[in-house]
Amino acid sequence: MSDSFVLAGHEFSSRLIIGTGKYRSYDEMKSAHAASGAEMVTVAVNRVPLDGTSESFLDHLNPKMKILPNTAGCYYADHAIRTARLAREALETEWIKLEVIGDQTTLLPDNEQTLEAARVLVKEGFTVLPYFTDDLIMARKLLDAGCPAVMPLAAPIGSGMGVQNPSNLRIMREQLPDATIIVDAGVGVPSDAAIAMELGADALLMNTSIAEAGDAPAMATAMKLAVEAGRLAYLSGRMPKRLYASASSPIQGAIR
Amino acid sequence: MTIEITVNGEQQSIQAGLTADALLDHLSLKKKLIAIELNAEVLRRDLWPTTEIIAGDRLEVVHFVGGG
């Protein structure tokens, strides 16, 4: 069944996008990336250390993977905009994962600053993938601003709590049937990933759930399978939930 | 003559008249896969060899690291 994921004119066969942060080693990261089947990875923009200690991080990535720079660490639209421009200059990519954070403890997005930055960056020709709270109204505004997809969180970044508000995602999916929805942040285990896909997400973005797993490559494989399973389940159409039982075996004809 | 500039939030004293490209050499920074911002605006790579760094300039030199 051809069920490829098309995002801003780019076709992916994997609906899993993964991060590059927090891995214990480059080797583990590379193995996990390969196991995940992901075709796009996020990277962060950071000041070059002036003490000569920096390594060429990008050299450790599979060159076949599409690189999606993020604006992590930015608390204001202005900083995110400047970071996006720098990322574009260095990587020669228009794609940007827009992250504007409102609070250091929760790392929850500042939706207002995110929208402001999205509007500017879209006008400058960026392909803006905004990270935001799972809010239908904000999703509409971001899409109207020209973002080709929206990226609602499942739970706070790195929390591993899984989808905290399945109703919000269901509502978003139903009310925005043609939108590309990528659930980003908060996935912990593969069942979380499957749930997000069953709720109708078009793709998932995750980092910590793989990087902090005991065996990152194994977890990456599990996530790959979960994303596939959840997607297939969504396309299959689930059975209805019932308050009471509905027998699976014949009621009549059992021996007495 | 030396001038005071800021690079990545740190004060630096450098000789006057350096271009952005020469400044990277002076700081022993590699030039691949990085970007420079000069006074809050991206400094295009093709302008590095011809842009002189002057007193009070604020630069951000960035590269890519792991992230989610």
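Of these, A:Asp110, A:Asp178, which one is under 18 Å from A:Lys97 (Cβ atoms) and more than 17 Å from the chain's Cα centre (by Cα)? Answer to the check: A:Asp110. Yes or no: region A:31-51 includes at least one residue that is over 19 Å from the mean Cα position of the chain (by Cα), modelled with pLDDT under 95 and more than 9 Å from chain B (Cβ to nearest Cβ). There is at least one residue in region A:31-51 that is over 19 Å from the mean Cα position of the chain (by Cα), modelled with pLDDT under 95 and more than 9 Å from chain B (Cβ to nearest Cβ). Of the numbered criteria (1) out of contact with any Lys or Arg (no Cβ under 8 Å at 6 or more places or on another chain); (2) hydroxyl-bearing (Ser, Thr, Tyr); (3) under 21 Å from A:Val41 (Cβ atoms), the one A:Tyr131 fails is (1).
Report whether or not A:Tyr26 is within 14 Å of chain B (Cβ to nearest Cβ) and aromatic (Phe, Trp, Tyr).
Numbers: within 14 Å of chain B (Cβ to nearest Cβ): yes; aromatic (Phe, Trp, Tyr): yes.
In short, yes.
Only one entry in B:Ile5, B:Ile53, B:Ile34, B:Ile14 is within 11 Å of chain A (Cβ to nearest Cβ), at pLDDT 95 or above and open to solvent by less than 70 Å² (accessible area, probe 1.4 Å), namely B:Ile34. Residues considered: B:Leu24, B:Leu29. Of these, the only one that is within 7 Å of another protein chain (Cβ to nearest Cβ) and open to solvent by less than 20 Å² (accessible area, probe 1.4 Å) is B:Leu29.
In this structure, does A:Leu225 turn out to be more than 14 Å from chain B (Cβ to nearest Cβ), in contact with a helix residue (DSSP H, G or I) (Cβ under 8 Å, 6 or more places away or on another chain), surrounded by fewer than 18 Cβ atoms within 10 Å (Cβ to Cβ) and of a type outside the set (Lys, Arg)? Taking the combined requirement at face value, the residue satisfies it. For region A:169-196, a residue qualifies if it is within 18 Å of A:Asp110 (Cα to Cα) and not aliphatic (A, V, I, L, M), and the qualifying residues are A:Asp184, A:Gly186.
The values are calculated or read from the model by the stated rules, or taken from the named source; none is laboratory data. Just so we're clear, the structure is a prediction, and the values are computed from it rather than from any experiment. Positions of Cβ are generated from backbone atoms using ideal geometry, with glycine treated the same way; all protein chains shown enter the neighbour counts. Each accessible area value is taken on the protein alone, full model and side chains, heavy atoms only, with ligands, DNA and RNA left out. Shrake-Rupley method; radii C 1.70, N 1.55, O 1.52, S 1.80 Å.
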